[in-house]
Amino acid sequence: MKHSVLFVTTLCLTSFLSAAPSIADTAKQNGLVAIPQDHKELLKLTDPNSTITPEKVELGKKLYFEPRLSKSGIISCNTCHNLGLGGVDGVSAAVGHHWIPNPHHLNSPTVYNAMFFKAQFWDGRSPHLEDQAQGPMQAAPEMAAAPSLVVERINSIPAYVEEFKTAYGKDVKIDFETITATIGIFERTLVTPSRFDDFLNGKADALSDAEKKGLQTFMDKGCVSCHTGIALGGTMQPFEVAGKYKFAAVGDFKGDKNGMVKTPTLRNITETAPYFHNGAIWSLADAVKEMGSTQLGIVISDEEAAQIVTFFAALEGRKPEITYPQFPASTATTPKPDFK
């Protein structure tokens, strides 16, 4: 009889434990999504309109690094979104034309995994990467190049004209929209799967016990209310929900017309300091605690912040290998650099 009771009790306990959701299951239930392992599944997300080809990606990469797309001829997309620095520039406020910091004290967000974002720019004014690429090129505090200047420079270089024909066909019109869209196509390939994705995709030992504990704390504290989805961010959310941001006076950015701000991705977050839209906080643990008070209305202890930061290490992604391009030479008709 005793053996029967012990057997039944053990069986019930085993059934209960096996039915209890794993941390990975809980993460998925909280809206966290893995980057697909299968290449075809990934392409459905990164290339829904079937625009990506090897020729367009290679040309887009060259244009991404091309400084002659700026008025001065010395600033490229990579200047502020450095692919060797986690896709950012590592300074509080982006520095552009005339080497002047952004007048609104805006920090450069990472370009890695940006194709997963629901909106681009801190105020979400752009719907996708191909459109977003037009903004910094024309902005006076950034690359300061008029569309006509960009088009003239590219069309003045025969090697670029041939590359566009190879990528798009001999009748391609090399206008501003085509040039910037090609950069966006390259940026769609800047995806960085991490150990966290391996974990959600079924590899239970991809995260250490400490990282799993940090993930649990991350979820328990409610961080997933904004940092969710495949990007762990990238959506428009209300800011200063529960309290005043400590450095709200740094810069004049107030979000979009409804006070909404794009939530930054947490992927590669350990590589993209400083933090927040104005780059006012350099410590990742301090940023976590500030989010607790500003957005959640709670106190996140030093210990809890450290646990969450430990989890963030698992979000450091495997970067695509990027070879710095060699650019074709300017010609006699190429507009000269302009520092005015």
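Rule-based calculations on the coordinates, nothing more; no lab input. Everything quoted here is computed from the prediction, not taken from an experiment. Cβ atoms come from the backbone with ideal geometry, glycine included; neighbour counts cover every protein chain shown.
222 nm [θ] for the chain, helices only, -39500 (n - 2.57) per DSSP H run of 4+, per residue, to 500?
Working: 14 runs with 127 residues, N = 340.
Calculated mean residue ellipticity at 222 nm is -10500 deg cm²/dmol.
Pick out the long, greasy-scoring helices in the chain: whole DSSP H runs spanning 24 Å or more along their own axis by Cα, mean Kyte-Doolittle at least 0.5.
Working: long enough: 2-19 (25 Å, 1.22).
Result, helices passing both filters: 2-19.
Pairs Lys56/Lys173; Lys118/Lys262; Lys62/Lys118: which exceed 20 Å Cα-Cα?
Result: Lys62/Lys118 exceed 20 Å.
Just grab the label-to-label distance for Asn30 and Ala140, each label 7 Å out from Cα along the Cβ direction, in nm (one decimal).
Taking the simple label geometry, Asn30 and Ala140 are separated by 4.5 nm.
Could you check the spin-label model distance between Thr270 and Ser283? Points 7 Å from the Cα along Cα→Cβ, value in nm.
Going by the 7 Å Cα→Cβ label model, 1.8 nm.
When the label point is put 7 Å from the Cα of Asp175 along its Cα-to-beta-carbon vector, which residues of the stretch 102-133 have a backbone N closer than 17 Å?
130-133
Are there trypsin sites (Lys or Arg not before Pro) in the stretch 90-159 that DSSP puts in a loop and that have at most 16 other Cβ atoms within 10 Å, and which ones? Numbers along the way, then the final one.
Numbers: sites: Lys118, Arg125, Arg153; in loops: Lys118, Arg125.
Sites meeting the loop and neighbour criteria: Lys118, Arg125.
Under a point-charge model restricted to the Cβ atoms of Lys and Arg (+1) and Asp and Glu (-1), what is the dipole moment magnitude of the chain relative to its Cα centre, in debye to the nearest 20? Spell out each step's value before the answer.
Values: 32 positive and 37 negative charges, 46 e Å.
Computed charge dipole of the chain: roughly 220 debye.
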